[in-house]
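Trainee: Quick one: structure below, then a few questions.
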């Protein structure tokens, strides 16, 4: 599924680019949400383990992802297009068995911004 979302993002970025619409995919890491039954949020052992594996020493919060989406949809990011952006808080040296399978595809256009989640 993840590969298909990335391919779709590439095609949409090329197709919508002439209309000044940027298309990027956001790949969040382990976030304290209801996803997966809320295990990252509600289970202290899972939360602690994931936090110990990240370079930032904590799991992600919903606001971490929301702020990044807001940034991607802003005019300051108008040149970012056709990218897979990982927002997981780790440096990539660790394998995170709890990393989510979800992707958020954000579409932005100027002067209007919109998202498809």
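Quick note: the coordinates plus some simple rules give every number you see, no bench work behind them. Worth saying up front: this structure is predicted, and the values here are computed from it rather than measured. Cβ coordinates were reconstructed from backbone atoms using ideal geometry, including for glycine residues, and neighbour counts include every protein chain displayed.
Trainee: Spin-label point model (7 Å from Cα, Cβ direction): what's the residue 42 to residue 78 distance in nm?
Mentor: So the two model labels end up 4.5 nm from each other.
Trainee: Roughly how compact is the stretch 1-43, stated as its Cα Rg over 2.2 N^0.38 Å to two decimals?
Mentor: 1.64
Trainee: How far apart, in nm, are two points set 7 Å out from the Cα along the Cα-to-Cβ line at residue 70 and at residue 6?
Mentor: Inter-label distance under the simple model: 2.9 nm.
Trainee: Can you order the peptides 32-40, 2-10 by their average number of other Cβ atoms within 10 Å per residue, highest first?
Mentor: The densest-packed peptide leads the list: 32-40, 2-10.
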